[in-house]
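Colleague: Pasting a structure below so you can have a look.
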Amino acid sequence: MKDPDDKRLDPDERRNMTIATAAGPQQGEALGQSEAFLNFQEQLSRVAPVDRPVLLIGERGTGKELAASRLHFLSQRWQNAFITLNCAALTPSLIEAELFGHERGAFTGAQQRRMGRFEAADQGTLFLDEIGTIPMEVQEKILRVVEYGVFERVGSAAPVDVDVRIIGATHADLPRMARAGSFKQDLLDRLAFEVLHLPPLRERRGDIPLLARHFAGRMALELGRKNMPVFLPAAMQALEGYGWPGNIRELKNVVERAVYRTTGDRIEEIRFDPFGAATPSAATAATPAEPSSALTASNPLETLPLKDAVGHLQLLRLRQALQQARFNQRRAAALLGLTYDQLRGLMRKFKDRL
């Protein structure tokens, strides 16, 4: 990798390179104890030292950039640059110059040579978020870098050699896009050395109390409060019963809002929709198989119709038992005082919500 102090580089290039080289671990919330979370972390730790591309597949808010950062800092490249690019944030006409850099005069406004993300990530890791949005012509150029470690800046025919590990992330169905001709199959084959699926929060319900208390404590500290906030049972039940379409990012916002709106240390009200009342959002209300009456901090279990209250309690206890038994169904049945067949009947009843 070029020396950032090399005076032959233009000032912007030296500045960008210095920032890239000095990049350290990102702060995030890689917290959890659920089986789904622990399995994902085990898979991530296994592939991190293997110097090959990795694809991270997950819904919005599941922590794809945090996972990519962990992959980098567990790899042999951890002392070098970790460079990120949200491909969806750039227009097709700009993404090539952003990735590969450009020479002076390559296009209108290119007043000096500029280093791209690939060059800045030399000897390190390049994280391409929303990789499915990259135009086909740029995919072809990325494929050449993956295969041969060489590219040309925009406006130049001189080859630039790099050694970069690529981590891609998306929520899109890349195999389907490849079949439809909107993503290069050759590039997909090269990037998919390992494909890791980040579990959505609805599959990590046992982690919700841990994450909620973590976010609440950080928010209280930020607000200068002396005591750790405490979630009342109905408030925690509301958090555990919500669908979380925005995953961890949404949980963080909801919890921080609850701490901010609470004058004392006891959190009683959970406001999922900041534009409405303290009830679940329309996305959750429309979730299939949800009871007609929603459980929230302002609408606690004892106020619901009996049928809905029983359903909520059954689902809550079933989730708790499965988590405690690490999804061993016979152990979970024993914890609930049920036969194995009775447990299986409950699981069929709530199969769309477990």
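Quick note: the coordinates plus some simple rules give every number you see, no bench work behind them. Please read these numbers as outputs of a predicted model, since none were measured by experiment. Positions of Cβ are generated from backbone atoms using ideal geometry, with glycine treated the same way; all protein chains shown enter the neighbour counts.
Colleague: Using a ≥ b ≥ c from the Cα gyration tensor of segment 31-104 (square roots of the eigenvalues), is it rounded, prolate or oblate, where a/c under 1.5 gives rounded and otherwise the larger of a/b and b/c decides, a/b for prolate?
Modeller: Oblate shape, in that a/c is at least 1.5 and b/c is the bigger or equal ratio.
Colleague: Right, next: Binned at 10 Å from 0, what are the whole-percent values of the Cα-Cα distance distribution for segment 153-210, short to long?
Modeller: All Cα pairs, binned at 10 Å, distribute as 16, 31, 29, 17, 6, 2 percent.
Colleague: By counting other Cβ atoms within 10 Å of each Cβ, how are Met115, Met219, Met177 ranked from fewest to most?
Modeller: Exposure proxy ranking, most exposed first: Met177, Met219, Met115.
Colleague: Let me ask you something else. Before anything else, pin down the relative contact order of segment 62-218: Cα pairs under 8 Å, at least 6 apart, normalised by residue count, whole percent.
Modeller: 23
Colleague: Same structure again: Put a dot 7 Å past each Cα toward the Cβ at Arg257 and Leu210; how far apart are the dots in nm?
Modeller: Rounded to a tenth, the inter-label distance reads 2.6 nm.
Colleague: State which entries of Lys184/Lys252; Lys184/Lys349; Lys64/Lys226; Lys252/Lys351; Lys307/Lys351 exceed 30 angstrom in Cα-Cα distance in the structure shown.
Modeller: Lys184/Lys252; Lys184/Lys349; Lys64/Lys226
Colleague: Quick check: Cα centre of segment 147-176 to Cα centre of segment 56-88, how many Å?
Modeller: Each part's Cα centre sits 16 Å from the other's.
Colleague: Can you list, largest first and rounded to whole Å, the semi-axes you get for segment 11-199 by taking the square root of 5 times each eigenvalue of its Cα gyration tensor?
Modeller: 28, 20, 14
Colleague: Give me the distance between the Cα centres of segment 33-51 and segment 189-258, rounded to whole Å.
Modeller: 20
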